[in-house]
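The values are calculated or read from the model by the stated rules, or taken from the named source; none is laboratory data. Values in this document were obtained by computation on a predicted structure and should not be read as measured data. Quick reminder, even Gly has a Cβ in these numbers, built from the backbone with ideal geometry, and neighbours come from all protein chains shown. Surface accessibility is based on the protein's heavy atoms, side chains included, excluding ligands, DNA and RNA. Shrake-Rupley method; radii C 1.70, N 1.55, O 1.52, S 1.80 Å.
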Amino acid sequence: MNAVGGAESEFAPAKINLYLHITGRRGDGYHRLDSLAVFPDIGDHVTARPAPALSLELGGPFAGDLPAGEDNLVLAAARALAAGGASGAALRLEKNLPVASGIGGGSADAAATLRLLARLWAREGGARERGARERADLPAIAARLGADVPVCLGARAARMSGIGTALAPPPRLPEAGIVLANPGIALPTRDVFAARGGAFSAPPALPAGWEDAAAMAADLAALGNDLEAPAIALRPQIGTVLAALRALPGVLLARMSGSGATCFAVFATAEAALAASRRLPREWWVKAGVLPATGSRV
């Protein structure tokens with residue numbers, strides 16, 4: 001986060017599910033899950049500056065895949081925080097993450113907008129407005145915006161359960177390297193859930209923590225992503241991406257994130273991840289970065 005010339009900016013990191021178990025289904029049709037979510041230093045950026053009304057400008061490589069109007073989650077988050085008041089801001093979203101790709105990009109953008117505008121409007125509004133903003137229940141607003149927005153609000157590793165809004169501290173996580181890869185396809189979450197069949201999975205018993213990336217990956221390899229098989233059935237290219245990631249030198253774990261189609265690979269270091277990422281096809285979207293240790297926010 002920073003402020004330049006009256007503007008404020010906020011990083012919106014991707015959300016990666018190191019494992020994802022579907023544990024049941026509620027009467028209203030929503031699925032229950034259990035997952036370990038982490039946030040690498042790869043993501044979008046949201047910028048805001050004071051303005052009389054709310055507006056949104058889109059930029060970045062995936063700007064063309066997003067609506068700029070009322071359906072955009074950045075504007076939805078801004079309106080929810082304003083709660084009908086006169087607060088305004090000129091917002092810009094630099095969209096670096098592919099859309100509908102299983103890494104929580106829209107939720108991350110909404111969460112970053114909440115953090116950003118709470119700070120900006122507190123600064124601009126004076127002591128009275130500042131007190132009101134500081135008392136604002138950002139987690140409750142986040143939960144109304146979407147099931148992934150609460151975990152993205154903290155932008156720190158967390159264990160997710162329920163429909164995704166019940167959050168608990170994660171095991172102690174080591175720093176690791178990560179590669180994200182997407183073959184250039186979108187995959188709507190609802191389609192993957194509709195294609196899923198079979199039994200539900202139990203929440204796993206996780207250790208208190210891991211000393212290094214290799215130990216973490218070894219334990220996580222015994223778990224899985226229950227949406228991976230139906231996603232591959234819908235988009236066979238995901239299987240191709242996973243095979244390529246699993247063949248990379250130094251890879252410790254490779255899996256699909258969320259409902260896909262983005263997949264990830266874990267490495268011992270960021271340097272190993274970067275070197276391995278250069279072996280992947282150039283026509284794919286590929287990014288290498290760092291998974292921070294527990295307690296860090298990127």
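Can you check what the net charge comes to around LEU245, using other residues whose Cβ is under 14 Å from the Cβ of LEU245 (Lys, Arg +1; Asp, Glu -1)?
Summing Lys/Arg as +1 and Asp/Glu as -1 gives +4.
Return the whole-Å distance between the Cα centroid of region 18-37 and the Cα centroid of region 70-126.
26 Å
On the accessible surface of the chain, probed at 1.4 Å, how many percent belong to carbon and sulfur atoms?
Roughly 53 percent of what the probe reaches on the chain is carbon or sulfur.
Measure off 7 Å from each Cα along the Cα-to-Cβ vector at ALA63 and GLU271, then give the distance between these two points in nanometres to one decimal.
Result for the modelled spin labels: 3.7 nm.
Between PRO52, PRO98, PRO183, where does the largest GNM mean-square fluctuation fall for the chain, given springs only between Cα atoms within less than 10 Å?
Judging by the Gaussian network model, the answer is PRO52.
Summing Lys, Arg as +1 and Asp, Glu as -1, what charge do residues with Cβ under 12 Å from the Cβ of GLY104 carry, GLY104 excluded?
After counting each charged neighbour, the total is -2.
Taking the Cα centre as origin and putting +1 on Lys and Arg beta-carbons and -1 on Asp and Glu beta-carbons, what dipole magnitude results for the chain, to the nearest 20 debye?
So the magnitude is around 240 debye.
Sum -39500 (n - 2.57) across every DSSP H segment of at least 4 residues in the chain, then divide by the residue count to get the 222 nm mean residue ellipticity, nearest 500.
-9500 deg cm²/dmol
Kindly report the accessible area of the chain per residue (heavy atoms of protein chains, probe 1.4 Å, no ligands, DNA or RNA), in Å².
43 Å²
Considering just Cα atoms, how many Å³ per residue does the convex hull of region 106-228 enclose?
Value for region 106-228: 165 Å³ per residue.
If the convex hull of the alpha-carbon atoms of the chain is projected onto planes in all directions, what is the mean projected area in square nanometres?
15.5 nm²
Using only the heavy atoms of the protein chains and a 1.4 Å probe, how would GLU70, GLU228 rank by accessible area, largest first?
Ranking GLU70, GLU228 by accessible area, largest first, yields GLU70, GLU228.
Given a cut-off of under 8 Å on Cα pairs at least six residues apart, what relative contact order in percent is computed for the chain?
23 percent
Report, in whole Å, the centroid distance computed from the Cα atoms of region 252-298 and region 204-239.
13 Å
Quick one: net charge of ALA195's neighbours, Cβ under 14 Å, K/R +1, D/E -1?
0
How much of the calculated P(r) for region 167-279 lies past 24 Å, in percent of all Cα pairs?
When all Cα pairs of region 167-279 are counted, 31 percent exceed 24 Å.
Compactness ratio of region 1-110: Cα Rg over 2.2 N^0.38 Å, N = residue count?
1.21
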